[in-house]
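See below for the structure under consideration.
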Amino acid sequence: MPPAAERVPWRWLAAGRASRSLVLVVVFVALLLDNMLLTVVVPIVPTFLYTTEYEGANSSVAPARTEPAPPALKAPPFSSMFSYFDNTTVTVSGSTSAMELVNGTEISSPSQPPATSPPPPSGCPDGEEFLAKENIRVGLLFASKALVQLVVNPSVGLLTNRIGYHIPMFIGFVIMFLSTVMFAFSGTYTLLFVARALQGIGSSFSSVAGLGMLASVYTDDFERGNAMGIALGGLALGVLIGAPFGSVMYEFVGKSSPFLVLAFLALLDGALQLCILQPSKICPESTKGTPVFTLLRDPYILVAAGALCFSNMGVAMLEPTLPIWMMQTMCSPKWQLGMAFLPASISYLIGTNLFGILANKMGRWLCSLIGMVVVGISLLCVPLAKNIYGLIGPNGGLGFAIGMVDSAMMPIMGYLVDLRHTSVYGNVYAIADVAFCMGFAIGPSTGGAIVRAIGFPWLMVVIGVINIAYAPLCWCLRNPPAKEEKIAILSQECPLQTTSYTTQKTPRDFPLTDDSDVEAENAE
């Protein structure tokens with residue numbers, strides 16, 4: 001092979017490492033796999049625990065209950081006894097329990113069974129008390145991922161400021177792969193809980209490093225909004241594929257199959273990161289970022305984080321409670337438990353890609369305000385469904401509205417840092433991910449207990465009203481003031497005329513090299 005031909009792959013690889021589009025692809029794939037694993041367990045865990053724990057325990061006890069008595073001790077079902085009092089014949093049912101005497105005639109009366117709760121409708125699972133308790137256990141299992149992510153996120157934000165985004169991104173891939181394999185071979189609630197918590201650590205590294213990397217590469221506000229919309233499309237696609245994929249594979253192939261497929265896809269993502277990101281390279285930020293606690297004191301960042309938290313809390317509460325509610329009220333088969341989330345996932349995918357562009361034109365504050373109102377109305381309509389088809393409208397509206405909020409709030413977080421703080425993005429996207437995780441931690445962990453106390457319909461009323469009540473706060477993000485040393489060029493009122501704003505640093509090519517700071521100073 002001639003030397004020129006040998007150098008072609010290396011040229012392509014070098015061009016790829018300098019391309020912002022391939023960085024976007026890497027972040028897209030990482031968010032896709034993370035959220036596929038997030039939602040693939042939603043239809044699997046409730047039915048798997050019900051099958052292994054409730055039905056398994058009852059099947060071991062059933063033979064002892066149904067074992068017939070010895071023939072010698074078995075009493076005849078009916079026996080006659082002559083009464084010398086009024087010369088009539090009395091029929092005795094069983095032994096001497098149920099007797100009837102009507103005008104001297106013989107009447108057969110079957111024995112009354114012991115008082116029990118009425119059997120469930122045909123096709124519905126029995127064990128109402130077990131399902132009520134399972135609401136809480138499944139909610140805690142789902143919330144464990146977000147709780148762990150909540151704790152780890154600030155540390156990852158600080159780590160990205162010190163060593164850059166590449167190594168944390170690859171660490172997230174490694175942990176995600178281990179979690180996926182553990183899910184595939186876990187057979188008890190405890191192991192599933194550990195695998196879910198481990199996923200939270202990996203997700204923290206992937207999401208914080210990935211979003212921070214995009215914000216540092218796309219410095220123009222309009223381009224950043226589009227890139228965030230595409231990256232969130234990966235998140236939406238993972239949510240879209242995860243639940244239906246998990247329910248169908250679990251029903252027709254087995255529990256381990258969807259997780260093994262995800263583990264294989266994770267390996268491909270790791271190979272892509274090795275080629276594009278060079279995770280052995282330490283690329284610290286040249287400017288010291290604003291501390292997390294300083295950002296948390298910024299009221300505008302808190303308003304944006306609250307919108308992310310409460311809008312996602314609605315779907316987070318649905319994840320553990322909706323499948324069990326469908327099992328109890330609709331007698332739904334396993335495959336329908338995941339398909340119920342399909343309308344929300346499709347509409348979220350449409351919403352994030354559509355409003356990644358439109359939100360900048362109509363005003364991101366207005367986009368998020370309308371989205372939170374629609375989230376609340378959709379949640380109020382969920383309990384009105386009588387079958388899976390009745391869930392299409394509410395879940396579709398819910399997913400579309402959350403897509404509006406997410407695609408508006410994620411770029412606003414980066415914009416607020418540029419406008420009011422130092423343009424280093426690891427910490428602010430750690431806060432955004434913390435807000436997201438708080439919704440997915442508080443939602444499932446409290447949702448099961450609330451359902452057991454007041455019922456599923458009232459849970460939807462509570463979280464729906466909270467979203468509608470919070471929506472007016474998005475007005476505060478209409479025109480946030482800049483600090484004295486910052487001059488905003490971008491105006492929310494004239495988005496078509498101005499699409500960029502000045503930043504503290506000269507935009508630099510990706511990947512960052514050791515000489516990039518010197519080049520930036522010479523350019524100035």
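The values are calculated or read from the model by the stated rules, or taken from the named source; none is laboratory data. Keep in mind the model is a prediction, meaning the values are calculated, not measured. Glycine gets a Cβ as well: all are built from the backbone with ideal geometry, and neighbour counts include every protein chain shown. Note: areas computed on protein heavy atoms with side chains; ligands, DNA, RNA excluded. Shrake-Rupley method; radii C 1.70, N 1.55, O 1.52, S 1.80 Å.
Of all residues in the stretch 180-195, at least one satisfies being open to solvent by less than 10 Å² (accessible area, probe 1.4 Å) and outside any helix (DSSP H, G or I). Note on the stretch 218-257: residues that are more than 15 Å from the chain's Cα centre (by Cα), among the small types (Gly, Ala, Ser) and assigned to a helix (DSSP H, G or I) amount to 7.
Can you confirm whether the stretch 202-217 contains a residue that is open to solvent by 10 Å² or more (accessible area, probe 1.4 Å) and assigned to a loop (DSSP other than H, G, I, E, B)? So far as the stretch 202-217 goes, no, none of its residues is open to solvent by 10 Å² or more (accessible area, probe 1.4 Å) and assigned to a loop (DSSP other than H, G, I, E, B). Out of ASP269, ASP221, one residue alone is farther than 15 Å from VAL29 by Cα, touching a residue at least 60 places away in the same chain (Cβ under 8 Å) and open to solvent by less than 50 Å² (accessible area, probe 1.4 Å). It is ASP221. Residues of the stretch 345-365 that are under 17 Å from ASP221 (Cα atoms) and surrounded by fewer than 23 Cβ atoms within 10 Å (Cβ to Cβ): ASN353, LEU354, ILE357, LEU358, LYS361, MET362, GLY363. The residues of the stretch 370-396 that are open to solvent by less than 20 Å² (accessible area, probe 1.4 Å) and assigned to a helix (DSSP H, G or I), listed by number, are GLY371, MET372, VAL375, GLY376, SER378, LEU379, VAL382, LEU391, PRO394, ASN395, GLY396.
One residue is enough: does the stretch 411-429 have a residue meeting the conditions under 24 Å from the mean Cα position of the chain (by Cα), among the basic types (Lys, Arg) and either at positive phi or part of a helix (DSSP H, G or I) (or both)? Among the residues of the stretch 411-429, not one is under 24 Å from the mean Cα position of the chain (by Cα), among the basic types (Lys, Arg) and either at positive phi or part of a helix (DSSP H, G or I) (or both), which makes the answer no. Looking across the stretch 430-472, the residues that are modelled with pLDDT under 85 and either polar (S, T, N, Q) or outside any helix (DSSP H, G or I) (or both) come down to SER445, THR446.
Per-residue answers, yes or no, for (1) within 27 Å of VAL152 (Cα to Cα); (2) touching a residue at least 12 places away in the same chain (Cβ under 8 Å); (3) buried (at least 24 other Cβ atoms within 10 Å of the Cβ); (4) among the hydrophobic types (A, V, I, L, M, F, W, C):
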site	(1), (2), (3), (4)
LEU416	yes, yes, no, yes
ILE431	yes, yes, yes, yes
PRO444	yes, yes, yes, no
ALA453	no, no, no, yes
VAL461	no, yes, no, yes
VAL465	no, yes, no, yes
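Within the stretch 272-284, restricting attention to residues that are open to solvent by less than 60 Å² (accessible area, probe 1.4 Å) and not hydrophobic (A, V, I, L, M, F, W, C), which residue is modelled with the highest pLDDT? Among residues in the stretch 272-284 that are open to solvent by less than 60 Å² (accessible area, probe 1.4 Å) and not hydrophobic (A, V, I, L, M, F, W, C), the one modelled with the highest pLDDT is GLN273. The set of residues in the stretch 224-266 that are open to solvent by less than 40 Å² (accessible area, probe 1.4 Å) and out of contact with any helix residue (DSSP H, G or I) (no Cβ under 8 Å at 6 or more places or on another chain) contains only GLY254.
Scan the stretch 299-330 residue by residue and report those that are β-branched (Val, Ile, Thr) and open to solvent by less than 10 Å² (accessible area, probe 1.4 Å). Steps first, please.
Within the stretch 299-330, the first condition is being β-branched (Val, Ile, Thr), and the residues that meet it are 301, 303, 315, 321, 324, 329.
Within the stretch 299-330, ILE301, THR321, ILE324 meet the criteria.
Every test in (1) among the β-branched types (Val, Ile, Thr); (2) surrounded by fewer than 24 Cβ atoms within 10 Å (Cβ to Cβ); (3) under 28 Å from LEU322 (Cβ atoms) is passed by VAL138 save one, and that test is (2). Tallying residues that are in contact with a helix residue (DSSP H, G or I) (Cβ under 6 Å, 6 or more places away or on another chain) and modelled with pLDDT under 85 within the stretch 150-185 yields 7.
Answer yes or no: is there a residue in the stretch 473-484 that is among the aromatic types (Phe, Trp, Tyr), in a helix (DSSP H, G or I) and crowded, with 20+ Cβ neighbours inside 10 Å.
Keep residues of the stretch 473-484 that are among the aromatic types (Phe, Trp, Tyr), which gives 475.
Retained after the next criterion (residues that are in a helix (DSSP H, G or I)): 475.
Filter once more, keeping what is crowded, with 20+ Cβ neighbours inside 10 Å: none.
For the stretch 473-484, residues among the aromatic types (Phe, Trp, Tyr), in a helix (DSSP H, G or I) and crowded, with 20+ Cβ neighbours inside 10 Å: absent.
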